[in-house]
Structures are given as structure tokens and as C-alpha cells.
Amino acid sequence: MKRELVHRFRDPNAARAVAAAIHARSTRPARLMEFCGGHTHAILHFGIPDLLPPTVELRSGPGCPVCVTAAADLDRAIAMSGVDGAILTTFGDMIRVPGSRVAGRAATLAQARAAGADVRVVYSPLDALRIAQQNPQRPVIFLGVGFETTAPTVASTVLAAEAAGVDNFFVFSSHKLTPPATRAILDSGKVALDGIIGPGHVTTVIGADAWRFLADEYHMPVAVAGFEPLDILRAILALVEMIEAGRAGVDNAYTRSVQPAGNTAAQQALTQVMAVRDVEWRGLGIVPASGLAFGAAYTRFDAGRAFPLDLPPAREPAGCRCGDVLRGVIRPPECPLFARGCSPENPVGPCMVSAEGACAAHYQYGASIGGDR
Ligand code: SF4
């Protein structure tokens, strides 16, 4: 059944028909940003740029949670892994992401582990909670990164830890909210955009209505897309039609998952445990009301409070243009280090590390879309 569904959204004839409609309707330049790193990979994996007319340009946005984690947060997580007896847990991508490169200090969690820290990869925050229950004498810290999609699972895990009376489980929350980041990109004026491809998974949680401000306040068309080729092409067609008509609205091209109000149960778990705060994004700086900290009733789970550490200011990797890539100011191949010193095997910046990073996507698929490298 699932395979049939996938085939339906990969039907080559249907894709050609939607691409032909885009060609027929597009008469003026349309620069579209796909917010989500999952979209960036799907777009390049399926060769979607090759199907588009020259009027339509796609730019990647900041929707890779690993990539937008500030170097300062990485430095703090690495320092926390050195807390006496601590077990530092996180998702796989995070252990290779560089923080500050300073002689004599680990620049990644992988290096910290090689130097003796107990750093473990987990697949979900519940795995980290289980490790805490198995090691009651040791503090277990979960480095949580992600957007509105993953934050509710962390909030639910905290509720589970509270219910089970676990007192050695902590979360270093680097969770972020996507609409404020989109607003920050538009407010920066660094890149001119004509439309936004809205993130499918995030919007499943926050609801399509959460993007209405882009149409109302910025006159910016939005089309929420899933991750199959037809999902993305239909979203692009919806954007082109709005741009050609001079209209701004929110089109939901992912109705099999996204509802106008989103997933209210997930939203409630988040609201119960977390509170909105200003946070730093790699590439965007401090973005108001764009991050999640613990609400007053749950601060005892906050690793930042439990393990206060005084750290020097963070340093970005020398020469890395991840910040410009994440804001859509440049395409990854425009970075002078792209494929010349920076590769997935030897990443300089986070955009080349993550499975959702734009640089990694262009490196992996670039040859098939016009020879990025
Ligand atoms: S190619 Fe490497 S150095 Fe350049 S922006 Fe991407 S991650 Fe940074």
C-alpha cells in the first residue's frame, strides 16, 4: 500500500505534465526558497531543477536543524560531555558538526569521544531517557536539536521522565521555530525571494495557517510541499500561478499530511513543557522568539541550568560560507571551499555534514544537475 502511494507521487508522466504546466505559466523570474533541508535533498535527488524553465530558480533555506545549530551551542555540548560522570547523547549527525576549532580542544563531539568523553548516538530522546534509567548514578544529557517536528517528542520524553521520577535526565535544548527564521531572512533584505516552499513535516505540526503571515504581511506566496517529486512540482506550480497572478496566499500541496491547524496534541505537549525564547541561529544570528527553552515548571530538566559552564566566545570555521548558504544568499558551489577542501568525508562546516545540509546535497547530486563539481 505504502509502495503504491510512493509510486503515485513519482509517476513520470504526471511529473512531466506538471512540469509542462510550469513552463506554460511561468513568464517572469521566480526565485523560490525551499525552507527545508529535506526538500533540498529531494529536489536534487530527483533532478527537479532540470525540469524547470529558466525563469524559475530554487534557493535553499535554513531548514537543516544540524546546520543552524550555533557553534556556541556545539562548544557548550562538547564542554558538557566533559562534566564528571556525564553521558552525552544526541543524534548521529551532531557528533561530526564542528564547533570552534581551537588548538588543544575538541572541535566536535566525535573528537571529544575519542579523547575519552562518553558520547553516545541515539535515535530518539526516549533512548536517552532509557540510558538515564539504566545509569541512575550518572547525569545523562540529551543534546536536542530540531524544529517543531522533533521538539514535541522531546517534550513528551520530559513528561515521561517526570512521570517515572527520573532525576538524572537533562536536555540541552537547541530546538528552533521555523516561522521566525523565515521572517528574519525576509527582514534581512539579503536575498530577494518571490515565493516560499513551506516545510512539509514542520507544517504537519504547526499547521498551514501558521504561514499566513507571509502572505498577509510580506505579500509572499507560500506552498507547503511533501517530499515526493510530484509534491514539490505541484507546490512550484502553485507558486508560479500565484506569482503570475500577482497574488499571495498559502497553498497546501501536501493535504495528505498537513491540516490548517496542524497537530494540536503535539502543540499542547510543547506548550506544556517549553517556552519560547530568543536564540542564536548559525548564519542568522539572534532571531527573536525563535527557540525553545524549558517552561518554569520544567527547568530542573534544563542541562544549561544544571551544568553552568563559562566558555570563551565561539568561532566559525575559517572560510566557511554556511551562513550565506543558510540565508539563501549563495548556492553551495559558490563557496570557495566547496569540493576544494570541504567534502562529506572532510567537512569544514555543518552544511556539508548533515544528511539535510545543502552543501552535502549539492556535493552528492550536483553532477547530475549541471555539474556543480
Ligand atoms: S562547502 Fe563547506 S565550507 Fe563551504 S559553506 Fe558549505 S560547509 Fe561551509
- request: Within the stretch 212-236, find all residues whose amide N lies under 14 Å from a label point positioned 7 Å from the Cα of A17 along Cα-to-beta-carbon.
  value: 230-231, 234
- request: Could you pull out every residue, at least 5 positions away or on a different chain, whose amide H is within less than 5 Å of the one on F172? Hs are placed 1.01 Å off N in the peptide plane, and Pro or chain starts have none.
  value: F142, L143, G144, A303
field: Label-to-label distance, nm, for residues given as S257 and I286 (7 Å Cα→Cβ offset)
entry: 3.4 nm
- request: Express in nm, to one decimal, how much length is gained between A275 and Y218 on full extension, taking 0.36 nm for each residue of separation and deducting their alpha carbon distance.
  value: 17.9 nm
task: Could you check which residue among T150, T89, T264 shows the biggest mean-square fluctuation in a GNM of the chain with a 10 Å Cα cutoff?
output: T264
Label-zone membership for the stretch 186-205, site E57, 7 angstrom Cα→C-beta point, backbone N under 11 Å: 191-194
- request: Could you do me a favour and compute the accessible area per residue for the chain, 1.4 Å probe, result in Å²?
  value: 41 Å²
query: Could you give the distance between the Cα centres of the stretch 184-249 and the stretch 129-180, to the whole Å?
result: 31 Å
query: What's the extension gain from E345 to A192 if we count 0.36 nm per residue and subtract their Cα-Cα distance?
result: 51.8 nm
- line: Burial-style ranking of 234-244, 107-117, 8-18, average other-beta-carbon count within 10 Å with highest first, yields 234-244, 107-117, 8-18
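The values are calculated or read from the model by the stated rules, or taken from the named source; none is laboratory data. Keep in mind that this is a model prediction, so the values were computed, not measured. Positions of Cβ are backbone-derived with ideal geometry, glycine not excepted, and every protein chain shown enters the neighbour counts. All accessible areas refer to the heavy atoms of the entire protein, side chains included, with ligands and DNA or RNA removed. Shrake-Rupley method; radii C 1.70, N 1.55, O 1.52, S 1.80 Å.
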